[in-house]
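Take a look at the structure set out below.
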Amino acid sequence: MIRPALEQGLAEIGLHLPEECLQSFDRFAEELKKWNKKVNLTAICNDTDIAVKHIIDSLVCASYVKKGNRVLDIGSGAGFPAIPLKIAVPDISVLSVDAVGKKINFQRHISRMLAFKDFEAVHSRVENLHVTHAAGFDVIVSRAFSQLELFVSLAAPLLNYGGRLIAMKGPGVDNECDAAADGLRLSGFEISSIQPYSLPMGKGERNLVVITALKAHE
């Protein structure tokens, strides 16, 4: 069970979640481990690492998501951060997109099991959403998906006015941000903040890169 590591990790980052959320995370993690034995979903498969490197890492960006937001997760894999965000902030609408069908099938299974409302997992490439979901999202997030400029170019047509892009990155992101700054500016975007954080239990260093449209500041 992931519960001991999850509770310890949540305490370390100062995040309190109700018991029903913790139960949902327990069920989610057990299904992830069960599916992972038959279908390769993730290389992270022990309880502590699932709790910290998948779930808690996903929840770090929860403070950027508000009730009623429409959230898009690009390249979501087995559902990170889409599913933890939906569990922790249930009053959001989530679209999760990934090009690997087995991972989307797993997400759909979790959505049915936990009776999610306003959660859709789509087997597609993000470019295919540009016509059907133009300007459709308040928050667009990616976790280790691509270089910043590519992420922004793919996400920009899908972002609502005043929305924000969140790139979840590993350590040493400053050089990538510096290299991307001019290109982002030409595209009408800027890096508005870089939030470094440490995963609980010494599990690694991460960064949240928040990107906003320049015109949103006018």
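Just so it is clear, none of the values below were taken in a lab; they were calculated from the coordinates. If you're wondering where the values come from, they're calculated on a predicted model, not measured in any experiment. Neighbour counts run over all protein chains shown; Cβ positions are idealised from the backbone, glycine included.
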## Note on the structure
Between L214 and V39, the FRET efficiency computed from the C-beta separation at R0 = 45 Å comes out, to the nearest 0.05, as 0.60
### Sorted peptide list for 151-157, 127-133, criterion being average Cβ within 10 angstrom, highest first
151-157, 127-133
### Query
What ranking do M168, M113, M201 get, fewest neighbouring Cβ atoms within 10 angstrom at the top?
M113, M201, M168
### Task
Any chance you could give the angle, 0 to 90 degrees and rounded to 10, that helix 3-13 forms with the longest Cα principal axis of the chain?
40
### Task
Divide by every residue of the chain the summed helix terms, -39500 (n - 2.57) for each DSSP H run of at least 4, and state the resulting mean residue ellipticity at 222 nm, rounded to the nearest 500 deg cm²/dmol.
-10500 deg cm²/dmol
### FRET efficiency estimate (nearest 0.05) - Cβ-Cβ, E19 to H109, R0 22 angstrom
0.45
### Query
Can you list the residues of region 77-108 with backbone N under 20 Å from a point 7 Å past the Cα of A144, pointing along Cα to Cβ?
77-86, 96-107
### Query
Label A99 and M201 with points 7 Å out from Cα along Cα→Cβ: what is the distance between them in nm?
3.3
### Query
How long is the gain from A11 to D182 if the chain were fully straight, where each residue apart is worth 0.36 nm and the alpha carbon distance is subtracted?
57.7 nm
### Query
Which of I166, I104, I13 moves most in a GNM of the chain, Cα contacts under 10 Å?
I13
### Message
What lysines does K86 reach when the alpha-carbon gap must be under 28 Å and sequence neighbours fewer than 8 apart in one chain are set aside?
### Response
K33, K34, K37, K38, K53, K66, K67, K102, K103, K117, K169, K203
### Message
Which one, V39, V173, V71, has the greatest fluctuation when you compute a Gaussian network model over the chain with C-alpha springs under 10 angstrom?
### Response
V39
